[in-house]
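Let me begin by presenting the structure, written as structure tokens, before commenting on it.
The values are calculated or read from the model by the stated rules, or taken from the named source; none is laboratory data. All figures in this text were calculated on a predicted structure; none of them were measured in a lab. When we count neighbours, we look across all protein chains shown, and the Cβ atoms used for this are built from the backbone with ideal geometry, even at glycine. Please note that ligands, DNA and RNA were not included when accessible areas were found on the heavy atoms of the full protein model with its side chains. Shrake-Rupley method; radii C 1.70, N 1.55, O 1.52, S 1.80 Å.
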Amino acid sequence: MVKIAQSEQEKEDAFFIRKEVFVKEQGLPLPLEMDDLDKIATHIVAYYNESPIAASRIIVDEKSYSVKVERLSVLPKFRRKQIGVQMMQTIEAFIRENFPNVSLIKIHAQIHAIPFYEKQGFRVTSPEFMDNYIPHRAIEKEI
């Protein structure tokens, strides 16, 4: 089940997933993973048997009619099981319902994840660049 985090516990569940994937698995320093944007972001978390298994956050910029999806992460055991697809479907539905003026979703995607996002209708919009020591490309999707 994928849901928009409402309670502090649900937000903590999202942070737990991000720490597991980005800090423990990928070796990102905690201060680079957890930042001040977490205070203003909307957090999304997926559960399996009441345990968190995936997370993401979105930052809305209504002035530019866009939303940035960040930190999409799925625990290794649950990858390639369509959890990421469910997360993106929930995120897109939330954006359409709550921010009708938003017409563009932006992501700085890790290179290995580009094929996943392309299957979700995103297109690459930048050359490769480094973000927190990891190769990324900017991608976008009009909604």
Based on this model, can you work out whether Pro127 counts as surrounded by fewer than 18 Cβ atoms within 10 Å (Cβ to Cβ), of a type outside the set (A, V, I, L, M) and at pLDDT below 95? no
Would you point out the residue of segment 78-118, among those that are of a type in the set (Lys, Arg) and without any contact (Cβ under 8 Å) to a residue 12 or more places away in the chain, that is most open to solvent (accessible area, probe 1.4 Å)? Arg80
Regarding segment 31-50, can at least one residue be identified that is open to solvent by less than 60 Å² (accessible area, probe 1.4 Å) and of a type in the set (S, T, N, Q)? yes
Within segment 47-81, track down each residue that is more than 20 Å from Asp13 (Cβ to Cβ) and among the polar types (S, T, N, Q). Ser64, Ser66
